[in-house]
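Down below is the structure, laid out as structure tokens.
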Amino acid sequence: MDTKQRLLGTAVGLGLAVGLASAAMAEEITIATVNNGDMVRMQGLSTAWEDKTGNKINWVVLEENVLRQNVTTDISTGGGQYDVMTIGTYEAPIWGANKWLVSLNDGMAEGWNADDILPAIRGGLTVEDNLVAAPFYGESSMVMYRTDLMEAAGLTMPEAPTWAFIREAAAKMTDRANEINGVCIRGKAGWGENMAFLTAMSNSFGASWFDMDWKAQFDSPEWKETLTFYLEMMNESGPRGAANNGFNENLTLFQQGKCGMWIDATVAASFVTNPMDSTVADKVGFALAPDNGLGKRGNWLWAWSLAIPSSSKKQDVAKDFVSWATSQDYTALVAENEGWANVPPGTRTSLYENADYLAAAPFAKMTLDSINSADPQNPSIKEVPYTGVQFVAIPEFAGIATQVGQQFSDALAGNKTVDEALAAAQNLTTEEMEAAGY
């Protein structure tokens, strides 16, 4: 064999060795996420990360209520089924305190800037100075409305409306003959579905889940006023079958032009103004969530975030993915493929200083104002022993609120009266809290 052949053979051998080493180093991580639009987009764009790193992703994409049940069971038992979980502002502090989540204070990719995260969002994901989840998108809630229907009703939407105005406007915009519902609001049972909305709404009516002695408050006049108002407005102006409608169902209705107003997550703004998906994209306005003049608005604070369970055996690879998916580079990738209006909102200060984003997203200022106006440390007008705007930050809340949500969904479906639903909520909450030792 001559020198040229030997060199060629060596090069081929080295190339094969490198290829085998790369294949051996490649990992597959399993990611559990929710079937919201931004997460589905992330799944589609994640091939860029796979191509860059050589790693692969096994996606588990679930409906919101199912996702929560699934990941809660896995992490509380140390099952180790997932390397990355999509969790919310409710789970992060509780699971972080239990040491179930990996700290993201170090090991993230170079250039990933935790200091750029909006303070309100970062604070809700930090436990004992450890960032335990990276926000993928942050949100509050606000009013999205049809400007054409509002004008036809002879009304002008205030920047900061009251609940009384919302109900009046909903009634005037309702057109049953043409399947236009004045207002679309969550009715599907679930602690993160109808109870997220109703808990935030109840704050603006002066209600609370518990008093300072952890006694349930569903027998209070404020909760009766909240639920009565909600049910009456929905019966007057809401869609048929509203007890089955959550975020995704109401999004579809609004995009199809069947809602005059939709009060829900600020993250939905890009979906209702995208002409590729929404038939009313050029007819949408925005306002702050309503109040009753008592000092609290009915808006929440939330972030869907990516967290790494301590049970993962592939934490380094998981951190690399989380760094990529929550970075400014990912934001730029979405902007390149989908336009600036569709980038994940509500997480980074730099986004709200980006002239391209501000020009493309007419909802940007309202989103930021809504996030900044939420006060999870003081959610109720009354003094309460808990934090959290649309949830109570205790482990028992998810189970209790799911049961309460079923009572209120039944009332919306006409199967229970207001008094019956509230009495059932009071009794089951009292029993569960006493059993938990409060």
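The values are calculated or read from the model by the stated rules, or taken from the named source; none is laboratory data. Because the structure is predicted, anything quoted here is derived from the model rather than measured. Neighbour counts are summed over all protein chains in view; Cβ atoms, including those assigned to glycine, are modelled from backbone coordinates with ideal geometry.
In region 371-378 there is at least one residue matching the filter, namely being hydroxyl-bearing (Ser, Thr, Tyr) and modelled with pLDDT under 95.
In this structure, does residue 369 turn out to be surrounded by fewer than 22 Cβ atoms within 10 Å (Cβ to Cβ) and under 20 Å from the mean Cα position of the chain (by Cα)?
Values: surrounded by fewer than 22 Cβ atoms within 10 Å (Cβ to Cβ): yes; under 20 Å from the mean Cα position of the chain (by Cα): yes.
Criteria met by residue 369.
Restricting 169, 196 to those that are under 21 Å from the mean Cα position of the chain (by Cα), in contact (Cβ under 8 Å) with a residue 40 or more places away in the chain and outside the structural domain of residue 350 (by TED's automatic domain parsing) reduces the list to 196. Evaluated against (1) within 16 Å of residue 42 (Cβ to Cβ); (2) in the same structural domain as residue 204 (by TED's automatic domain parsing); (3) among the acidic types (Asp, Glu), residue 320 falls short on exactly one condition, (2).
Of the strands (runs of 3 or more DSSP E) contained entirely in region 122-218, those carrying at least 1 residues that are of a type in the set (Asp, Glu) fall at 134-139.
Scanning for something surrounded by 20 or more Cβ atoms within 10 Å (Cβ to Cβ), of a type in the set (Gly, Ala, Ser), assigned to a loop (DSSP other than H, G, I, E, B) and assigned by TED's automatic domain parsing to the domain that holds residue 229, does region 382-400 turn up at least one residue? Give the steps one after another, and end with the answer.
So in region 382-400, the residues surrounded by 20 or more Cβ atoms within 10 Å (Cβ to Cβ) come out as 388-392, 394, 397-398, 400.
Retained after the next criterion (residues that are of a type in the set (Gly, Ala, Ser)): 388, 398.
Of the ones still in play, those that are also assigned to a loop (DSSP other than H, G, I, E, B) are 388.
This time we only want the ones that are assigned by TED's automatic domain parsing to the domain that holds residue 229, so: 388.
Taking every residue of region 382-400 in turn, at least one turns out to be surrounded by 20 or more Cβ atoms within 10 Å (Cβ to Cβ), of a type in the set (Gly, Ala, Ser), assigned to a loop (DSSP other than H, G, I, E, B) and assigned by TED's automatic domain parsing to the domain that holds residue 229.
Within region 28-62, if we keep just the residues that are of a type in the set (Asp, Glu) and at pLDDT 95 or above, the residue that is surrounded by the fewest Cβ atoms within 10 Å (Cβ to Cβ) turns out to be 51.
For region 35-68, which positions are hydroxyl-bearing (Ser, Thr, Tyr) and over 13 Å from residue 333 (Cα atoms)?
53 - this is the single residue of region 35-68 that is hydroxyl-bearing (Ser, Thr, Tyr) and over 13 Å from residue 333 (Cα atoms).
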